[in-house]
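Since the structure comes first, as structure tokens, the remarks are kept for the end.
The values are calculated or read from the model by the stated rules, or taken from the named source; none is laboratory data. The structure presented is a predicted model; accordingly, all values stated were derived computationally and were not measured. Don't worry about glycine lacking a Cβ; one is built from the backbone with ideal geometry, like all the others, and counts go over all protein chains shown. Accessible surface is based on the protein model in full, side chains and every heavy atom, while ligands, DNA and RNA are left aside. Shrake-Rupley method; radii C 1.70, N 1.55, O 1.52, S 1.80 Å.
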Amino acid sequence: MNRVNLGSELSLSQIIYGMWRLGDDSDSSPKHVEAKIQACLEQGITSFDQADIYGGYASEAILGTALKQSPALRNKMEIITKCDIMLLSDKFPDRSVKYYDTSAAHINTSVDNSLSNMSIDHIDLLLLHRPDPLMDHHETGAALDALVQLGKVRGVGVSNFMSHDWALLSSAMKSPLLSNQLEISLLNSEALTDGTVADLQRQAIHPMAWSPLGGGQLFDSSDERCANLRVALGDIAKEQSVDISSVAVAWLLKHPSGILPVMGTNNLDRIKQLGQAIEVDLSREQWFVLYEAAVGHEVA
Ligand SMILES: NC(=O)c1ccc[n+]([C@@H]2O[C@H](COP(=O)([O-])OP(=O)(O)OC[C@H]3O[C@@H](n4cnc5c(N)ncnc54)[C@H](OP(=O)(O)O)[C@@H]3O)[C@@H](O)[C@H]2O)c1
């Protein structure tokens, strides 16, 4: 598995394992969570993606319980987590609306909660989860810089930011923003053409791709586009003796910006195969066969 240097002495595995769905698994015991982590580590997948809100504010603690039982795992992992989305939840009965909060007070509280929930003493990469129209970039930037200075987080970045959101926040920061986690897949490839990824590529910033398999739609949607894509993916998968998800991930890995896919399967057998995508060799023509099947027409 390739390592990708994000700068600030932080490197991640090229494929990341996402823990959004951790609590949806019928087995979320520490033993099973550890088995998933071990299956990743055995393939060189050392980077794990969390958020304060995942699983209705429960996923970080599920990971934390597993790490408490097997503390030796922590030093083999890079842990990414996020903050700023304020969900309507039984846990916060006073909230009347879903909203975003990038105030220094909320970022600090959220980081402290994440550290405590995951039983860790630092976060490797903290991301702002969504751009907040009320973000005061000076306040938010200073809060993120201070967390790096304090050593509570090794690096900071963002998620779902447009280029202008990124430019605004970076203009008020001393620490570099290290990545932007975006929705990118064959089913949602706008970021590749709307300037968001191009702007990161110009700055040599690696984007992360969330829901790289369209959140599973690639496999279970009956719409014509997905059906055509499955055929196109299947032809290449057969030729290279891999499964179709590996080809869909290889399509992302082929992009010259150095995309880091964040994989979300809960299935242990599928987790054991995640590294296979690295071996897939897509030609430029094969890339466009998949792209055209995905957008539903020939390129102009
Ligand atoms: N920053 C953000 O705003 C944001 C938003 C969403 C997600 N994320 C991150 O991205 C990660 C990945 O998102 P995701 O879970 O939507 O990613 P995904 O990998 O695109 O989708 C995972 C889903 O696809 C299914 N799947 C995978 N391989 C399959 C196969 N071969 N056949 C049938 N079904 C298959 C999985 O079911 P099984 O479990 O049964 O395999 C699971 O339900 C999350 O965990 C989270 O860390 C970030």
Sole exception among (1) under 30 Å from GLY7 (Cβ atoms); (2) within 12 Å of the ligand (Cβ to nearest atom); (3) surrounded by fewer than 20 Cβ atoms within 10 Å (Cβ to Cβ) for ARG284, by number: (2)
Odd one out for CYS40 among (1) more than 30 Å from PRO256 (Cβ to Cβ); (2) within 16 Å of the ligand (Cβ to nearest atom): (1)
Filter result for the condition that a residue is more than 22 Å from GLU9 (Cβ to Cβ), basic (Lys, Arg) and without any contact (Cβ under 8 Å) to a residue 24 or more places away in the chain, over ARG95, ARG130: ARG95
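Looking only at segment 143-167, how many residues end up being under 19 Å from ILE85 (Cα atoms) and in a helix (DSSP H, G or I)?
Going through segment 143-167, the residues under 19 Å from ILE85 (Cα atoms) turn out to be 143-144, 147, 153, 156-162, 165-166.
Of the ones still in play, those that are also in a helix (DSSP H, G or I) are 143-144, 147, 165-166.
Here the count works out to 5.
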Counted residues, segment 98-122 - those being touching a residue at least 60 places away in the same chain (Cβ under 8 Å) and out of contact with any Gly (no Cβ under 8 Å at 6 or more places or on another chain): 2
Residue among SER257, SER245 that alone is within 13 Å of the ligand (Cβ to nearest atom), within 24 Å of GLN181 (Cβ to Cβ) and hydroxyl-bearing (Ser, Thr, Tyr): SER245
Members of segment 244-264 that are out of contact with any helix residue (DSSP H, G or I) (no Cβ under 6 Å at 6 or more places or on another chain) and without any contact (Cβ under 8 Å) to a residue 60 or more places away in the chain: SER245, PRO256
Single match in ASP124, ASP132, ASP136 (criterion: open to solvent by less than 10 Å² (accessible area, probe 1.4 Å), at pLDDT 95 or above, touching a Ser or Thr at 6+ places or on another chain (Cβ under 9 Å) and at negative phi): ASP124
Residue count for segment 13-37, restricted to those that are away from the ligand (no atom under 13 Å from the Cβ) and within 19 Å of PRO207 (Cβ to Cβ): 2
Pair list, Cβ < 9 Å and 6+ apart or interchain, from segment 19-30 residues that are at pLDDT 90 or above to residues that are basic (Lys, Arg): MET19/LYS36; LEU22/LYS36; ASP25/LYS36; PRO30/LYS68
Total residues in segment 211-242, condition within 8 Å of the ligand (Cβ to nearest atom) and open to solvent by less than 60 Å² (accessible area, probe 1.4 Å): 7
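Only one of these is among the small types (Gly, Ala, Ser), within 16 Å of the ligand (Cβ to nearest atom), out of contact with any His (no Cβ under 7 Å at 6 or more places or on another chain) and closer than 30 Å to LEU73 by Cα: SER179, SER114, SER159. Name it. Reasoning before the result, please.
On the way: SER179 fails: out of contact with any His (no Cβ under 7 Å at 6 or more places or on another chain); SER159 fails: out of contact with any His (no Cβ under 7 Å at 6 or more places or on another chain).
From the options SER179, SER114, SER159, the qualifying one is SER114.
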